[in-house]
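What follows is a single structure, written as structure tokens, with notes after it.
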Amino acid sequence: MQQDVQSDAVLVQQVQAGQQKAFDLLVAKYQRRIYRLVLRFIRDPALAEDVAQETFLRAYRAIGQFRGESQFYTWLYRIAVNTAKKAISDDIRDPTVSEGDASGHDEETFSPTELLSNHETPESILVSKEIVQTVNAAMESLPEDLRMAITLREIEGLSYEDIAEAMQCPIGTVRSRIFRAREAIAERLRPVIEHKGGKRW
């Protein structure tokens with residue numbers, strides 16, 4: 001991570017010096033992560049792609065004002081969060097998403113093998129899929145701010161400090177949102193876990 005941070009700083013300096021190719025490298029490095037982040041909040045893949053592109057466009061326009069007071073990816077995530085919020089508030093999204101699109105993205109994010117031990121029986125695979133579906137359903141039902149906080153923490157791996165920077169709120173608020181999100185997800189998971197606990201593996 002430290003090496004990534006250093007390389008980001010070098011690339012940002014090059015962009016600020018007028019080297020377009022340096023920004024292309026930053027886009028290549030983060031475009032997939034930004035798209036997946038945006039897709040968590042805007043369930044229309046085409047619109048999520050537009051918002052991701054708008055994020056980089058805004059970042060490019062504003063990069064001259066970036067002073068390195070935070071990490072570049074934190075700064076970029078803040079732009080992505082704000083751009084996604086604007087798209088949501090403008091109500092320009094199509095809420096209809098095919099089940100295939102949603103499940104494909106979600107299974108990439110929450111792999112059953114990350115949630116359960118490797119008991120490759122048909123029953124265990126069925127239960128692990130049920131857990132994945134339950135987690136994603138719980139994520140979807142969270143209020144926007146809670147979903148953003150838990151996504152940045154558990155999926156993107158940001159620190160509490162970075163999340164506070166990206167969401168522009170106090171770190172105490174971040175901790176509260178993540179705690180509430182985890183509680184809500186755990187409540188949805190409890191019946192599934194209890195059902196699994198009653199089985200012999």
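Remarks
- For residue 73, solvent-accessible area (1.4 Å; no DNA, RNA or ligand), Å²: 30 Å²
- Net length gained if the chain between residue 82 and residue 183 were fully extended (0.36 nm per residue, minus Cα distance): 33.8 nm
- Peptides 170-176, 36-42, 47-53 ordered by packing proxy, namely the average of other Cβ atoms within 10 Å per residue, highest first: 36-42, 47-53, 170-176.
- Rounded to whole numbers, the Karplus 3J(HN,Hα) couplings from phi for segment 58-65 are 5, 4, 5, 5, 9, 5, x, 8 Hz, using 6.51 cos²θ - 1.76 cosθ + 1.60 with θ = phi - 60°, and x at Gly and Pro.
- Accessible-area ranking of 183, 156, largest first, probe 1.4 Å: 183, 156
The values are calculated or read from the model by the stated rules, or taken from the named source; none is laboratory data. Remember, it's a predicted structure, so these values are computed and weren't measured experimentally. Here the Cβ is made from the backbone with ideal geometry for all residues, glycine too, and neighbour counts use every protein chain on show. The accessibility values were calculated without ligands, DNA or RNA, using every heavy atom of the protein model including side chains. Shrake-Rupley method; radii C 1.70, N 1.55, O 1.52, S 1.80 Å.
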